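The values are calculated or read from the model by the stated rules, or taken from the named source; none is laboratory data. Nothing here was measured: the structure is a model prediction, and the numbers come from that model. Because the Cβ atoms are built from the backbone with ideal geometry, glycine has one as well, and the counts that use them run over all protein chains shown. Remember, those area values only see protein heavy atoms, side chains included, never the ligands or the DNA or RNA. Shrake-Rupley method; radii C 1.70, N 1.55, O 1.52, S 1.80 Å.
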Amino acid sequence: MSVRIELDLDRSVTRLAGYEYGKSVFDNQVKDKIDYNDSIVIVFPSNIVKLASSFIQGFFGEMVENIGISGIEEKVSIESSNPKIHRDVVNNLI
């Protein structure tokens, strides 16, 4: 089974940055909706084209603690207008 989570973010923003902001988005919109035994689909709004490493580390930090970077590579899919975002996420977590 797969859990699909569409993030609700400011439509005027194109880039996301900040560890605390990433953690806040995860805590408020994702944390209570996921089961680490299932695959997870995170959907970023089409206006988001870039994620700073600080946002990635805050947003994905708890996931790394629970399933590791390899678990994120295997279980987490990211839908975005930028097809390179999933690779950027993994590279910034290593």
Which pairs do you get when a residue that is within 9 Å of Ile48 (Cα to Cα) and modelled with pLDDT of 95 or more, found in segment 8-24, comes within reach of a residue that is in a loop (DSSP other than H, G, I, E, B) and open to solvent by 50 Å² or more (accessible area, probe 1.4 Å), reach meaning Cβ atoms under 6 angstrom, with the pair 6+ apart or on two chains?
Thr14/Val49
Determine if segment 77-87 includes at least one residue that is among the charged types (D, E, K, R) and within 12 Å of the chain's Cα centre (by Cα).
yes
Taking only segment 48-82 into account, find how many residues are part of a loop (DSSP other than H, G, I, E, B) and open to solvent by 50 Å² or more (accessible area, probe 1.4 Å).
2
Any idea which of Ser70, Ser54, Ser77 is more than 19 Å from Asp8 (Cβ to Cβ) and in contact with a helix residue (DSSP H, G or I) (Cβ under 9 Å, 6 or more places away or on another chain)?
Ser54
Residues in segment 44-57 that are over 18 Å from Tyr21 (Cβ atoms) and either free of Cβ contacts under 8 Å to residues at least 12 places away in the same chain or touching a strand residue (DSSP E or B) at 6+ places or on another chain (Cβ under 6 Å) (or both) total 0
Residue selected from segment 1-47 under the condition of a type in the set (Lys, Arg) and either surrounded by 11 or more Cβ atoms within 10 Å (Cβ to Cβ) or under 11 Å from the mean Cα position of the chain (by Cα) (or both), by the criterion farthest from Met63 (Cα to Cα)
Arg15
